[in-house]
Amino acid sequence: MFPLAGALLLPGGKLPLNIFEPRYLALVEDALAAGRMLGMVQPDKRLARGNNGPGLYRIGCLGRISAFEESGDGRYLITLSGVARFTIVEEVEARRGYRRVRGAFSGFAADLQEPQACLPFERGILVAALRRYFARAGVEANWDTIADMPDAALVVSLAMACPFDVEEKQALLEARDEAERARALLALLEINAFEGGHDDDDDEPKAS
């Protein structure tokens, strides 16, 4: 398990990670030797800290290491491709410093299917909200690339890339289906277009 606040991996998405902490270097090495799979999950600040670290949200996402590079200075640069969500059943004994859990995939079979057209509203509504959000954040976007993206890929990419707070990211992860995730994304874009950003003081690493 790789607990990382603010890092969202969704089925069908790709998450680049810069790995440098010894325990997560060990995690990547073990994952490469055993199917290239590892789980991403966010710490839950509402839960008490345990012996292994912060409490975790119950739902995370399994990812496959689809790209791997050694930096030359002891870091690994990897890309995780989202496979399917899981529910943490229990935490088991740590290995080489990193946390491990037993997960259940029941209820998430649809994650393994090809994503369908998922927008329950006109695409222009989402694009307009995105323009307001980017304008508020001072972000220059490649609108031609955005226009060329299929609906499902656009929702996944925006959900993962936009700097929403931990709770908002988790809500996107836990959405029942693609349509519900699209509605949640639209709501978050609209809310954040008119509000300031969110600070997060979680003590887990922010970029490793």
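Summing +1 for each Lys or Arg and -1 for each Asp or Glu, what net charge is found among the other residues whose Cβ lies under 11 Å from the Cβ of Asp30?
Details: positive: Arg23, Arg36, Arg95, Arg96, Arg100; negative: Glu29.
Spelling it out: positives minus negatives among the neighbours equals +4.
Length gain on complete extension for the stretch Glu174 to Ala128, per 0.36 nm per residue less the alpha carbon to alpha carbon distance? All intermediate terms of the calculation are to be shown ahead of the outcome.
Working: separation 46, 0.36 × 46 = 16.56 nm, distance 2.47 nm.
The Glu174-Ala128 span can extend by a further 14.1 nm.
Helix-only mean residue ellipticity at 222 nm, the chain, DSSP H runs n ≥ 4 weighted -39,500 (n - 2.57), per residue, nearest 500. What is it? Display every interim value, and only then the final one.
Values: 6 runs with 68 residues, N = 208.
So the helix-based figure for the chain works out to -10000 deg cm²/dmol.
Share of antiparallel DSSP beta bridges in segment 1-68, in percent to the nearest 5? All intermediate terms of the calculation are to be shown ahead of the outcome.
Values: 6 of 8 bridges.
Bridges in segment 1-68 are about 75 percent antiparallel.
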Per the Kirkwood treatment, what hydrodynamic radius in Å, one decimal, follows for the chain from the mean inverse distance over all distinct Cα pairs? 17.9
Apply the Karplus curve 6.51 cos²θ - 1.76 cosθ + 1.60, θ = phi - 60°, to the phi angles in segment 87-100 and return the couplings in whole Hz, x for Gly and Pro. 10, 6, 8, 6, 8, 10, 4, 5, 9, 6, x, 9, 7, 9
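What net charge do the residues around Asp151 carry, taking every other residue with its C-beta under 15 Å from that of Asp151, with Lys and Arg at +1 and Asp and Glu at -1? Show your work: numbers first, answer last.
Details: positive: Arg123, Arg181, Arg183; negative: Glu114, Glu122, Asp148, Asp177, Glu178, Glu180.
Combined, the nearby Lys, Arg, Asp and Glu give -3.
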Report, by chain and number, residues whose modeled amide H sits under 5 Å from the one on Ala84, excluding near sequence neighbours (fewer than 5 apart, same chain). Leu62
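With both bridge residues required to lie in segment 1-131, what share of the DSSP beta bridges run antiparallel, to the nearest 5%? Please list the in-between numbers first.
Details: 29 of 31 bridges.
Looking only at bridges with both residues in segment 1-131, the antiparallel portion is about 95 percent.
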Using Cα-only point scatterers and the Debye equation, what is log10 of I(q)/I(0) for segment 2-111 at each q in 0.17, 0.23 Å⁻¹, rounded to two decimals? -0.81, -1.45
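Tally Lys/Arg at +1 and Asp/Glu at -1 over every other residue whose Cβ is under 10 Å from the Cβ of Leu62; what's the total?
Values: positive: Arg64, Arg85; negative: Asp111.
With Lys, Arg at +1 and Asp, Glu at -1, the net is +1.
Can you tell me the dipole magnitude for the chain around its Cα centre, using point charges on the Cβ only (Lys, Arg +1; Asp, Glu -1), in Debye to the nearest 20? Please report the intermediate quantities before stating the final value.
On the way: 24 positive and 32 negative charges, 87 e Å.
For the chain, the charge dipole is close to 420 debye.
Readers should treat all values here as calculations from the given coordinates under stated rules, not as data from a laboratory. Quantities reported herein were computed from a predicted structural model and do not represent experimental measurements. All Cβ positions, even for glycine, are placed from backbone atoms using ideal geometry, and neighbour counts span all protein chains on display.
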